[in-house]
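Comments concern the structure below.
Please treat every number below as a calculation from the coordinates, not as lab data. Please read all numbers here as calculations on a predicted model, not as lab measurements. For neighbour counting, all protein chains shown are included, and Cβ atoms are generated from backbone atoms with ideal geometry for every residue, glycine included.
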């Protein structure tokens, strides 16, 4: 409970900070975190998506401006549709049909890589035993492979899934973050699909978090933090799945991971808020051209303290003479401050906020 209270406090600070920001800022932050969630949840399972395609797909689904030249693949579209349904329609009941639809969306061609799989269907008895294994490939694989986990037999799946869904939709006072962690663990342990169990489990966890917050807008990404801690994630999963029914160790890790995800998002929020305030100050004093905006954005994003004329020219894609003229105008507006020295070797730093 102390771990949960601390994580919830962090979450409250983040959500309160987001509510104090403008709608467009929240909308942009939501888009970025949804994109990160899709990209990182897939990366955990070894699937790599083009970030620009993911963002374009989400923007189109949300009715936001998007790159007209971007054509997301069917795999990207399916992963995006799953996370948007889980978070955007979090208040709707989670059903068997919905789960089957999510998994089918992840494999629109009915294949995982080159292997044909059962898409939109539960595992069947001919797939028993469903094992998560590692070990060398060769004649002695059977002897030397390491079985991390063996899922329940296919014949048990209808009852196991029904019990899970009944619990998930039951009205109770259990904390939302703990429910998210339990749901993630329970579903991935049932392992009802031939493939895609991890991604569907994380979508269910996101759905539980959205319910706990009463909002489909995502301002942090659990999958991004899980991907950072992937080794610990699989280690605690395996240890808990091989143990007894006490999953306190898993929940301690999950709540800690949740807190670290929120802390990371809070740091990003502080940086973005500071950047927005700085731009408001700049725009009051000066109207930068596109080259100047590009370079100033680079300085604000990178945290670099100084820039030379040659570095400015390279970032802006312009000549040294044009770079020097742009810099002079920024110095006159007291946005950049020259350091000691002279000529083109002189360096310039962003002035301190007023």
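Between 0 and 90 degrees, rounded to the nearest ten: what's the tilt of helix 176-190 against the longest Cα principal axis of the chain?
Taking the Cα atoms of the chain, the angle to 176-190 is about 50 degrees.
At a 10 Å Cβ-Cβ cut-off, how would you order 185, 23, fewest neighbours first?
Working: 185 20, 23 7.
Starting with the residue having the fewest Cβ neighbours, the order is 23, 185.
Could you put 48, 38, 295 in order, starting from the residue whose Cβ has the fewest other Cβ atoms within 10 Å? Write down the numbers at each step before the final one.
Details: 48 8, 38 29, 295 24.
In increasing order of surrounding Cβ atoms, one gets 48, 295, 38.
When a footprinting reagent is the concern and you count Cβ atoms within 10 Å, what order do 234, 312 take, fewest first?
If I rank by nearby Cβ atoms, fewest first, I get 234, 312.
Any chance you could give the angle, 0 to 90 degrees and rounded to 10, that helix 248-285 forms with the longest Cα principal axis of the chain?
20 degrees
Return the FRET efficiency for the residue pair residue 112, residue 167: r is the Cβ-Cβ distance, R0 is 25 Å, and the value is rounded to the nearest 0.05.
Working: r = 29 Å, r/R0 = 1.15.
Between residue 112 and residue 167 the formula returns 0.30.
Over region 288-350, calculate the relative contact order: mean separation of alpha carbon pairs under 8 Å at least 6 apart, over the residue count, as a percent.
Working: 63 pairs, mean separation 20.7, N = 63.
Over region 288-350, the number comes to 33 percent.
Tell me, what does the Kirkwood hydrodynamic radius of the chain come to in angstroms if you use every pair of distinct C-alpha atoms?
Working: mean 1/r = 0.0433 Å⁻¹.
Kirkwood radius, the chain: 23.1 Å.
Between 0 and 90 degrees, rounded to the nearest ten: what's the tilt of helix 51-62 against the longest Cα principal axis of the chain?
Result, in degrees: 80.
Using the alpha carbons of region 288-350, what is the convex hull volume per residue in cubic angstrom, as a whole number?
Details: hull volume 4.4 nm³, N = 63.
Here the figure is 70 Å³ per residue.
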